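Structure incoming, see below.
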Amino acid sequence: MFEATVDINAKDYNACTLYYLKKFVGVKEYILVGFLLIGGLVLFFAFNQWLILALCGVTVLLMAAAIVVYIALARKGYREEFVKRNTHEWKFAFHEEEFTVETLEENGEKPYTEKFSYERVERVALKKDRVYIYCGAALAYYIRYDNMTAGTFIDFCEFVKKRIEPAKFKMKEGRRKNKQFPYGR
């Protein structure tokens, strides 16, 4: 139905994995850390409390360290998965019930095909000129508008919206409600 051939490059892959970081760290977290840091500085200068300033600093450093480790592991994953295996291309085929991804390793000499049902997709991000598909924390795919070989990019985006449930298009989940008490207690 829809097909795409994607040339894998570090820039697009890193952009795709960094976008996945929004699942864990969003604007709210940055605002809260900013308030924590400002509050720590105010309390330090108002009451000369070193402990508060130290706790704020440790929190900011831990958050920064977690982001740096995530980025470093994503780049290492790219090197291990694509550079060392000489993988340069994905071929996607989207059907009614599932989609397949053919990874061409060793410059296309060793194809590896994987099938995914649309229920197995964890998150999807529809951007203006690309689609990010996350089938897990370590399985991130991207398709740009010029990678489509069968079908148009706009029709493909509409197809994806119909096949994948709407909750999977939100990178961050909202407050979870108890299934037993969906309206609270």
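The values are calculated or read from the model by the stated rules, or taken from the named source; none is laboratory data. Nothing here was measured: the structure is a model prediction, and the numbers come from that model. Using ideal geometry, Cβ is built from the backbone for each residue, glycine included, and neighbour counts are taken over all protein chains shown. SASA here: full protein model, heavy atoms, side chains in, ligands and nucleic acids out. Shrake-Rupley method; radii C 1.70, N 1.55, O 1.52, S 1.80 Å.
Can you give me the P(r) profile for the range 1-131? Cα pairs, bins 5 angstrom wide beginning at 0, each as a whole percent.
All Cα pairs, binned at 5 Å, distribute as 2, 8, 13, 15, 15, 12, 8, 7, 6, 5, 4, 3, 1, 0 percent.
Picking from S117, L18, G151, whose Cα lies most toward the positive end of the charge dipole for the chain (charges on Cβ: Lys, Arg +1; Asp, Glu -1)?
After comparing all options, I get L18.
Right, next: Helix 10-20 versus the longest principal axis of the chain: what is the Cα-based angle in degrees, 0 to 90, to the nearest 10?
With both axes taken from Cα atoms, the answer is about 60 degrees.
Okay, helix-only estimate at 222 nm for the chain: each DSSP H run of n ≥ 4 adds -39500 (n - 2.57), divide by all residues, round to 500 deg cm²/dmol; what do you get?
Roughly -13000 deg cm²/dmol at 222 nm, from the helical runs in the chain.
Residue by residue through the range 77-89, which ³J(HN,Hα) values in whole Hz follow from phi under the Karplus form 6.51 cos²θ - 1.76 cosθ + 1.60 (θ = phi - 60°), with glycine and proline marked x?
x, 4, 4, 5, 7, 10, 6, 5, 8, 6, 9, 10, 8
Express the accessible area of the chain per residue in Å², computed with a 1.4 Å probe while the remaining protein chains stay in the model.
66
Give me the dipole magnitude in Debye, nearest 20, for the range 2-134 about the Cα centre, with unit charges on the beta carbon: positive for Lys and Arg, negative for Asp and Glu.
With Lys and Arg at +1 and Asp and Glu at -1, about 740 debye.
Of K23/K115; K110/K162; K84/K170; K28/K91, which pairs sit farther than 29 Å apart, going by alpha carbon to alpha carbon?
K110/K162; K84/K170; K28/K91
Taking the Cα centre of the range 57-110 as origin and charging only Cβ (+1 Lys, Arg; -1 Asp, Glu), how large is the dipole, in debye to the nearest 20?
The calculation lands at about 540 debye.
For T100 and T152 in the same chain, what is the full-extension length gain: residue separation times 0.36 nm, less their Cα-Cα distance, in nm?
Between T100 and T152, full extension yields 16.9 nm more.
Shifting gears a bit: Could you give the angle, 0 to 90 degrees to the nearest 10, between helix 153-163's Cα long axis and the longest principal axis of the Cα atoms of the chain?
Computed tilt is about 70 degrees.
Order 142-150, 25-33 from most to least packed using the mean count of other Cβ atoms within 10 Å.
142-150, 25-33
How high is the relative contact order of the chain? Use alpha-carbon pairs under 8 Å, at least six apart in sequence, and give a whole percent.
Contact order relative to length: 27 percent.
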